Amino acid sequence: MSVSDDPALYERKHMPLQNLLEHRRSVRHYADTPIDPETVRRCLKMAQLAPSSSNMQLYEFYHITDPAVLKRLAEACFNQQAAATAQQMVVFVTRQDLFAERARAVLEFERGNIRRNSPPEKHAKRIAASEGYYGKLMPFLYARCFGLIGGLRWLISRSIGLFRPMQREVTEADVRTVVHKSCALAAQTFMLAMAENGLDTCPMEGLDSRRVKRILNLPRGAQINMIAACGIRKQGHGIWGERFRLPFDEVYRRI
């Protein structure tokens, strides 16, 4: 079925952003209607367009369509209704352990990017800057060693910060938070893309991360960011009442 054949989907594909945001809800109960895995895959490709700190893209998306794996994941998510009724799931995984190869990939791209898009007289200087950033700084920032490297970064940061503005969030816990934030931005972009395509999602953090890692055979350095249940909301059951948000003036500060 094409978008033009489905009036509701056609309307959603042409929604203003505010309407799309208002339509998106965390859906807790899905209909038995199958959903197209290729649509979910396209939405995950769009998720890659989300911002990523230093463009490191330290994440992976595990798109689950196998019924047996879905059942095991639902159990790891405590059989909450969103997981138990999901037609498909996407597990968003952070991969800080891949920092070295991701930094090399970005650096290789940047070398060509600079040659293609910068004035020739600036090639050498800009390539050298990228090599310093992705070849030295990023590996130092993302490296982990039982908190020891993070402690060294903390000392360097505090020392430099005595004399000029300096990034302070450099411990291993701080950097892990940065990695999870970038992955969460991708997850949010995915959920909006799904809503635009007439599909619903529910981001879940209530899960046994160790069991999820075992089910997906993930390495020790991987971490679970969240799992998005996917499907089409069951009418009358999918949404738990009206949406609540704090009064805007309680969260908005203009300076």
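The values are calculated or read from the model by the stated rules, or taken from the named source; none is laboratory data. Computed from a prediction, not measured in an experiment: that's the story for all the values here. Backbone-built Cβ (ideal geometry, glycine too); neighbour counts: all protein chains shown. With ligands, DNA and RNA removed, areas are computed over all heavy atoms of the protein, side chains included. Shrake-Rupley method; radii C 1.70, N 1.55, O 1.52, S 1.80 Å.
Note on the chain: with charges restricted to the Cβ of Lys and Arg (+1) and Asp and Glu (-1), its dipole about the Cα centre is near 1000 debye. At full extension, CYS145 and ASN79 could sit 20.2 nm farther apart than now, given 0.36 nm per residue minus the alpha carbon distance.
With a ≥ b ≥ c taken as the square roots of the eigenvalues of the C-alpha gyration tensor of the range 99-171, please select rounded if a/c is under 1.5 and otherwise prolate if a/b is larger than b/c or oblate if it is not? Taking the square roots of the gyration eigenvalues as a ≥ b ≥ c, the range 99-171 is oblate. Take every pair of alpha-carbon atoms less than 8 Å apart whose residues are at least six positions apart; their mean separation over the length of the chain yields a relative contact order of 35 percent. In the range 99-171, carbon and sulfur make up what percent of the accessible area (probe 1.4 Å)? Carbon and sulfur: 63 percent of the exposed surface of the range 99-171. Would you work out if the range 30-122 is rounded, prolate or oblate? Take a ≥ b ≥ c from the square roots of the eigenvalues of the alpha-carbon gyration tensor; rounded if a/c is under 1.5, else prolate when a/b is larger than b/c, oblate otherwise. Cα axes put the range 30-122 in the prolate bin.
Ordering of 224-232, 190-198, 17-25, 100-108 by packing is 224-232, 190-198, 100-108, 17-25, highest average first (other Cβ atoms within 10 Å, averaged per residue). Between the beta carbons of ASP174 and ARG104, assuming R0 = 25 Å, the FRET efficiency works out to 0.60 to the nearest 0.05. A Förster distance of 25 Å, applied to the separation of the beta-carbon atoms of ARG211 and GLN188, puts the FRET efficiency at 0.50.
Remark: relative contact order (the range 99-171) = 28 percent; criterion is Cα-Cα distance under 8 angstrom and separation of 6 or more residues.
Calculated mean residue ellipticity, 222 nm, the chain: -14500 deg cm²/dmol, from DSSP H runs (n ≥ 4) at -39500 (n - 2.57) each, averaged per residue and rounded to 500.
Springs between Cα atoms under 10 Å define the GNM used for the chain, and in it the highest mean-square fluctuation of TYR59, TYR134, TYR30 occurs at TYR134. Annotation: lysines with alpha-carbon distance below 25 angstrom to LYS136 (same-chain offsets under eight excluded): LYS122, LYS125, LYS181. What is the range 165-208 by shape, rounded, prolate or oblate, if you read a ≥ b ≥ c off the alpha carbon gyration tensor as root eigenvalues and call it rounded for a/c under 1.5, prolate for a/b larger than b/c, and oblate otherwise? Oblate, because a/c is 1.5 or more while a/b does not exceed b/c.
Calculate, for HIS63 and ARG116, the FRET efficiency according to 1/(1 + (r/R0)^6) with r their C-beta to C-beta distance and R0 35 Å; round to the nearest 0.05. In this case the efficiency is close to 0.60.
Helix 37-47 versus the longest principal axis of the chain: what is the Cα-based angle in degrees, 0 to 90, to the nearest 10? The angle comes out at about 30 degrees.
Sorting 240-251, 151-162 by their mean Cβ neighbour count within 10 Å, with the most densely packed peptide first, gives 151-162, 240-251.
A straight chain from SER53 to MET166 at 0.36 nm per residue would run longer than the Cα-Cα distance by 39.0 nm.
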